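Enquirer: Structure provided below as structure tokens; questions to follow.
A short reminder: the numbers here are calculations on the coordinates, not readings from a lab. Given the structure is predicted, the values throughout are model-derived calculations rather than measurements. Using ideal geometry, Cβ is built from the backbone for each residue, glycine included, and neighbour counts are taken over all protein chains shown.
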Amino acid sequence: MHDPISDLLTRIRNAGMAKHPTLTMPHSKMKESIAQILKREGYLSDVGVEGGPIKTLKIALKYQDRKPVIVGLRQISTPGLRRYVQSTEIPRVLGGMGVSIVSTSQGVMTGTEARKQNLGGELVCYVW
């Protein structure tokens with residue numbers, strides 16, 4: 001696997017379309033940070049780390065009226081083309097209805113948090 005972030009987003013998208021309640025995947029700190037942000041923003045119902053030496057990330061999806069809460073996911077920065085933005089250039093997703101995730105020097109955070117702290121960084125993905 002060359003791109004763990006696209007793997008995370010694709011697994012969430014596929015599990016939502018198939019209406020699976022949970023999904024598991026190999027763990028990494030970046031994936032866990034993105035999943036915790038999505039949980040905090042209300043897109044996921046639970047995120048947990050399981051296992052000993054080989055950890056797995058377990059994500060519980062959230063549904064509303066038997067439809068997934070996550071309507072769309074889009075990766076912006078890829079391994080072949082990294083996208084960096086300044087704090088003033090962080091875009092709003094669907095006029096504030098979605099969330100942009102930015103990897104900054106202070107850690108992974110939403111676009112609004114990065115804007116408030118006047119931090120720029122790598123624009124990882126959009127979720128709506």
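Enquirer: Would you confirm whether or not the range 76-87 contains a residue that is surrounded by 13 or more Cβ atoms within 10 Å (Cβ to Cβ) and assigned to a helix (DSSP H, G or I)?
Expert: yes
Enquirer: Within the range 13-47, how many residues are in contact (Cβ under 8 Å) with a residue 12 or more places away in the chain and either over 21 Å from Glu122 (Cα atoms) or in a strand (DSSP E or B) (or both)?
Expert: Within the range 13-47, residues that are in contact (Cβ under 8 Å) with a residue 12 or more places away in the chain and either over 21 Å from Glu122 (Cα atoms) or in a strand (DSSP E or B) (or both) number 18.
Enquirer: Taking Tyr63, is it among the hydroxyl-bearing types (Ser, Thr, Tyr), loosely packed, with under 14 Cβ neighbours inside 10 Å and farther than 20 Å from His2 by Cβ?
Expert: Spelling it out, Tyr63 is indeed among the hydroxyl-bearing types (Ser, Thr, Tyr), loosely packed, with under 14 Cβ neighbours inside 10 Å and farther than 20 Å from His2 by Cβ.
Enquirer: Further question on the same structure: Please identify the pairs in which a residue from the range 101-122 that is touching a residue at least 60 places away in the same chain (Cβ under 8 Å) has its Cβ atom under 9 Å from the Cβ atom of a residue that is assigned to a strand (DSSP E or B) and among the polar types (S, T, N, Q), counting only partners at least 6 apart or on another chain.
Expert: Within 9 Å, the pairs are Ile101/Thr110; Met109/Ser103; Thr110/Ser100.
Enquirer: Report yes if Pro53 is assigned to a loop (DSSP other than H, G, I, E, B), touching an Asp or Glu at 6+ places or on another chain (Cβ under 7 Å) and not polar (S, T, N, Q), otherwise no.
Expert: No.
Enquirer: Give the residue, chosen from Thr22, Thr56, Thr78, that is farther than 29 Å from Leu119 by Cα and out of contact with any Lys or Arg (no Cβ under 9 Å at 6 or more places or on another chain).
Expert: Exactly one of Thr22, Thr56, Thr78 is farther than 29 Å from Leu119 by Cα and out of contact with any Lys or Arg (no Cβ under 9 Å at 6 or more places or on another chain), namely Thr56.
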